[in-house]
Amino acid sequence: MTVSELDRGAAHPLPRRIAVLSFHTSPLAQPGTGDAGGLNVYVLQTARRLARRGVEVEIFTRATHSSQPPVEEAGDGVLVRNIVAGPFEGLRKEDLPTQLCPFVAGVMRAEAGHAPGHYDLIHSHYWLSGQAGLVASEHWGVPLVHTAHTLAEVKNAVLAAGDTPEPESRRIGEQQIVDAAHRLVVNTVGERDELVRFYDADPADIDVVSPGADLDQYTPGTQRGTERARRALGLAQKSEVIAFVGRIQPLKAPDVIVRALAEIVRTQPHRDVRLLVVGGPSGSGLERPRSLMELADELGVADRVSFLAPRPPSELVDVYRAADIVAVPSYSESFGLVALEAQACGTPVVAAAVGGLPTAVADGRTGLTVDGHDPRRWADVLAGLLDDDELRLSMSRAAPVHASGFSWDSTADGLLESYAGTTAAYRARRAEAAAS
Ligand code: UDP
């Protein structure tokens, strides 16, 4: 559906041009390492789909390389503006707030180059962008829609060993955004409840819009394609393969899967079971994946674990197809795009029963959800599913069907609806204020 089609039937005004703020990480960065992950994928995928529906999208991010042009195209109708704010490299995530003022100044300067009223709406992603959005929204007289992606209160409640707690300053910043943004968009009903419980948000101000998977890219492979994928990844056709895909950080719990693998090998040494870990180091504290490699070594399973560098979707698809099971053991997960993508490729997922994962995975039908992070429990569940060919086969058939319910097109439609409602309420409030 396009803006004009929607407009005809819409009771609410639809935006023609929106400013998307993604301060701390660029939608053009390779996801799966550092600060780049699901948020980057979300911003880029929704921007492209909104543009196809007739909305012009300009994404503002912080420049992280001197070679980046000030403006680059990221598809038809999508521009990325690389705002210079602080050093290109070497700025730690904890120091990013010090560069918010230069970033906001850069956003303001870009807007000033247009005719007044250029943007109809701002959508900010992650709390740092939300802070910039508060200023821009007030200055431009347009509504601010905010997506938190993660929340300090929620992360701190489930800290993994070795993880650094989120600072109080972040929680305060998030509270200011919850109090002042015109609409909050969340991935799941559970996330909406967390905003209400921890930040006293008004449920009426929150829209639940599911994220998606790129269903053109992530599809089940043919038998031959899967065999080729295994060969390319150096995996024997007869091996049992578990894959972990994502940023290597304590919150994602890849160590739980390494320990579970060691447990399977300890109890059933004859099994030819292997683990693929795809992703780069991220987050604070531990120097991973080095420490993960050391752990595999210590547990005597190093020869069964392959560490692969982060890769684009066109290559990641082979990892998902080559695996018998994709494991998502995170301590906290706002949704878990990896779980959706794996299922879209026809691979069952074993996921921790946290955050959006019980929504992303249909427990018992397309995968299994696991309570807690006890490696022995994970070993039992993983080995049990590897043993049950019939169940795995039925899950591989059901998984793409389940994943097809989560497309980026539906996400874009949901966002448009949210934007329209937000704009209508915003204008009504302003008209009321002007009249009084
Ligand atoms: N990803 C990727 N290449 C990699 C590893 C991950 O493109 O080598 C992408 C993956 O496809 C997914 C995203 O990174 O879309 C991770 O999103 P998820 O929601 O699973 O985790 P997050 O990073 O948001 O915590």
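Right, Thr422: within 16 Å of the ligand (Cβ to nearest atom), assigned to a helix (DSSP H, G or I) and touching a Pro at 6+ places or on another chain (Cβ under 7 Å) or not?
Criteria not met by Thr422.
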Note on region 15-26: residues away from the ligand (no atom under 12 Å from the Cβ) and either in a loop (DSSP other than H, G, I, E, B) or acidic (Asp, Glu) (or both) are Pro15, Arg16, Phe23, His24, Ser26
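If I filter region 88-104 for residues that are part of a loop (DSSP other than H, G, I, E, B) and either at pLDDT 95 or above or crowded, with 17+ Cβ neighbours inside 10 Å (or both), do I get at least one hit?
Initial filter on region 88-104 (part of a loop (DSSP other than H, G, I, E, B)): 88-92.
Going one step further and asking which of them are either at pLDDT 95 or above or crowded, with 17+ Cβ neighbours inside 10 Å (or both), we end up with none.
Looking for residues that are part of a loop (DSSP other than H, G, I, E, B) and either at pLDDT 95 or above or crowded, with 17+ Cβ neighbours inside 10 Å (or both), one finds none in region 88-104, hence no.
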Item checked: Selection status of Gly336, buried (at least 22 other Cβ atoms within 10 Å of the Cβ), of a type in the set (Gly, Ala, Ser) and away from the ligand (no atom under 11 Å from the Cβ) -> no
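Of all helices (runs of 4 or more DSSP H) completely enclosed by region 218-301, which ones contain at least 1 residues that are over 19 Å from Leu382 (Cβ atoms) and within 16 Å of the ligand (Cβ to nearest atom)?
Values: elements: 223-232, 254-267, 290-298.
So the answer is 223-232.
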Conditions (1) of a type in the set (Val, Ile, Thr); (2) assigned to a helix (DSSP H, G or I); (3) touching a His at 6+ places or on another chain (Cβ under 8 Å) -> Val145 fails only (2)
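Filter region 131-174 down to the residues that are of a type in the set (D, E, K, R), free of Cβ contacts under 8 Å to residues at least 60 places away in the same chain and within 16 Å of the ligand (Cβ to nearest atom) and list them by number. Step through it out loud before you land on a result.
Residues of region 131-174 that are of a type in the set (D, E, K, R), as a first pass: 138, 153, 155, 163, 166, 168, 170-171, 174.
Then keep just the ones that are free of Cβ contacts under 8 Å to residues at least 60 places away in the same chain; that gives 138, 153, 166, 168, 170-171, 174.
Result: Glu166, single match.
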Checked against (1) under 21 Å from Val381 (Cα atoms); (2) within 16 Å of the ligand (Cβ to nearest atom); (3) not charged (D, E, K, R), Ser314 satisfies every condition except (1)
**Asked** Does Ala10 satisfy being at pLDDT 80 or above and either surrounded by 16 or more Cβ atoms within 10 Å (Cβ to Cβ) or not aromatic (Phe, Trp, Tyr) (or both)?
**Response** no
Glu341 meets each of (1) in a loop (DSSP other than H, G, I, E, B); (2) within 10 Å of the ligand (Cβ to nearest atom) with one exception, condition (1)
So, first residue within 13 Å of the ligand (Cβ to nearest atom) in region 39-50, second residue outside any helix (DSSP H, G or I) and aliphatic (A, V, I, L, M), Cβ within less than 6 Å, six or more apart or across chains; the pairs are Asn40/Ala29
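Please state which one of Asp374, Asp389 is surrounded by fewer than 17 Cβ atoms within 10 Å (Cβ to Cβ), modelled with pLDDT of 95 or more, over 23 Å from Gln223 (Cβ atoms) and more than 16 Å from the ligand (Cβ to nearest atom). Walk me through it before giving the result.
Details: Asp389 fails: over 23 Å from Gln223 (Cβ atoms).
Among Asp374, Asp389, only Asp374 is surrounded by fewer than 17 Cβ atoms within 10 Å (Cβ to Cβ), modelled with pLDDT of 95 or more, over 23 Å from Gln223 (Cβ atoms) and more than 16 Å from the ligand (Cβ to nearest atom).
The values are calculated or read from the model by the stated rules, or taken from the named source; none is laboratory data. Because the structure is predicted, anything quoted here is derived from the model rather than measured. As a convention, Cβ positions derive from the backbone with ideal geometry for all residues, glycine included, and neighbour counts pool all protein chains shown.
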